[in-house]
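The values are calculated or read from the model by the stated rules, or taken from the named source; none is laboratory data. Fair warning: this is a prediction, and the values are worked out from it, not measured in the lab. Because the Cβ atoms are built from the backbone with ideal geometry, glycine has one as well, and the counts that use them run over all protein chains shown. Keep in mind that these areas ignore ligands, DNA and RNA; they rest on the heavy atoms of the full protein, side chains included. Shrake-Rupley method; radii C 1.70, N 1.55, O 1.52, S 1.80 Å.
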Amino acid sequence: MSKLILIMVDGISADYFESIRHQLPHLDRLARSGTQVNGVTPEMCGTSCPGRTSIVAGVAPSEHGIYGNHIWDGEQFRWANPEDVRVPTLPAYAKAQGLDVAGLGYGMIRPQDCSLYKGPWWVDEMLMRGRDAEPMPADTVWLSAGADYDDQGRLAALQAQGINLEIVAPNKNPDIKLQLGMLADQQLLDVAAGLAASAQAPDFMLLEIGITDYFLHKYGADHALTEWSLRAADAQIGTLLERLEQASVLDRYNLLICSDHGHAPMCSGLYVDRLLGDEVVWSSEGGVLMVKPRDQAQAIWVQAALAEYGIELWNNDHLPPEQQDQLLTFVVPEGSDISFESQIVGASGVSGPSKYLSNHGMRPGSRADMRFCIFNGPAIPRQRIESGLANQIAPTMAAILGVETPWQAEPLFTPLTPSNTSIECARDSAE
Ligand SMILES: [Zn+2]
């Protein structure tokens, strides 16, 4: 068994990483000296909740149930939450098999599947009616997934060493949200460094650098501020590595650094509420639209209304079997920059500017949807892999950690063990 730190860096496509890696010395070195996957396939939809879930679930959305940021719960489309995940995830298997699992700000995992847990800093965005006297059940799940679970007092011990456990609240300070998001990411990495250096260092830590996605949405990929957000992420990861080195634990940990989805310019909005009216129930995931038609007549009308804008009916393979005949899935035309959304203030007509410069949830098959993925550490061979499937990430982590799972998908590679490490080292020195 070998230890592992997962850091999900939000929204970084394989191609964006390639285009900017010369500015990212730490990630560039990790990619060159470890295993770099040139692109991991996205989920359908390639958005945050499905992507985060697939990283730890080892199966497709039709099986794990998180096929969109919003899912149909029988009455409405609402934010997906960790209790909606229909299968055990890698943290659950790892904990059940005796590993010490620390969830430190990673979304879409359940606190009870970790031995130590801190909620993601962005949880308040997932609350639909969080201020109600009686939160709706889905809000209750996110409220509890936003809390700390530290029954052995391990976080409190870090606090005593001067590590700040009060993570800042970016969403409560909209004017400086991006800066605070960057700080929140850093604070959670600081907690990870403290735990790794402690007497009880976790076997498996799950983290996120979430703010990169917000910069991409607001400024697009070709903006100096977006580049800076990724350079800051690189520096934060470098700082974590340095702290592990100083604590003499760096050689105990492997790293997986990957994204939940890609990003692409989608600057044209198609205002679905204007186009379809208040009667139609729908959910937007960027360039993917899901509709719950009231009846057959409405289904036919919706298809015709959307067809006028070149919007195509797609298959429902990403949905759990019992929902496949309940919903309709639509995608934007090939090469389109349309994002499905509600009208924005001041816009007239059914189309106009999008809320975001860049977005996710692309038409399936878009290259910009492919995710970057880097493994590095004592169990990781030096190699480049042309492409990987979304459901291979979790089996690869399971193989590194030595966790048994029932998954059919194969790991992306066989981790090195002390017996085959010497062969790899001999090969490296011969190069
Ligand atoms: Zn995301």
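Just the protein heavy atoms count here, and of the accessible area of region 267-355 at 1.4 Å, carbon and sulfur take up 51 percent.
The largest accessible area among L178, L189, L127 belongs to the first residue in L127, L178, L189, and the rest follow in falling order (1.4 Å probe, all chains).
I need to check one value: relative contact order of region 311-393, counting alpha carbon pairs closer than 8 Å and at least 6 residues apart, in percent. Before the final figure, lay out the partial values.
Values: 41 pairs, mean separation 15.8, N = 83.
Dividing the mean separation by the residue count of region 311-393 yields 19 percent.
Picking from I66, I344, I374, which is most flexible by a Gaussian network model of the chain using Cα springs under 10 Å? With Cα springs under 10 Å in the chain, the top fluctuation among I66, I344, I374 is at I344. Taken per residue, the accessible surface of the chain reaches 40 Å², heavy atoms only and a 1.4 Å probe. Per-atom-type breakdown for region 16-148 gives carbon and sulfur 50% of the accessible area (1.4 Å probe, protein chains only). At an R0 of 41 angstrom, the distance between the Cβ atoms of M136 and T417 translates into a FRET efficiency of 0.30.
Between the helical axis of 48-57 and the longest alpha-carbon principal axis of the chain there is an angle of about 40 degrees. Mind checking the angle between helix 177-196 and the chain's longest principal axis? C-alpha axes, 0 to 90 degrees, to the nearest 10. Helix 177-196 sits roughly 30 degrees off the main axis of the chain.
Helical content of the chain, expressed as a calculated mean residue ellipticity at 222 nm, amounts to -10000 deg cm²/dmol (DSSP H runs of 4 or more residues, -39,500 (n - 2.57) each, divided by residue number, nearest 500). Checked against a 26 Å cut-off, the cross-linked pairs K177/K355; K95/K177; K118/K355 give Cα-Cα distances beyond that limit for K95/K177; K118/K355. Listed by chain and number, the aspartates and glutamates whose alpha-carbon sits under 15 Å from that of K292, ignoring those within fewer than 8 places in the same chain, are D73, E75, D273, D278, E279, E322, D325.
These residues, H217, H64, go from largest to smallest accessible area, 1.4 Å probe, as H217, H64.
With each label modelled as a point 7 angstrom along the Cα→C-beta vector, the L165-D222 pair spans 4.7 nm. When the charge dipole of the chain is built from unit charges on Cβ atoms (+1 for Lys and Arg, -1 for Asp and Glu) and taken about the Cα centre, the candidate among S387, A199, L127 whose Cα reaches farthest toward its positive end is A199. Evaluating 6.51 cos²θ - 1.76 cosθ + 1.60 at θ = phi - 60° for every residue in region 342-352, the Karplus couplings come out as 7, 4, 9, 4, x, 8, 10, x, 9, 9, x Hz, glycine and proline recorded as x.
Quick check on the chain: of the DSSP beta bridges with both residues there, what percent are antiparallel, nearest 5%?
Details: 32 of 59 bridges.
Bridges in the chain that DSSP calls antiparallel: roughly 55 percent.
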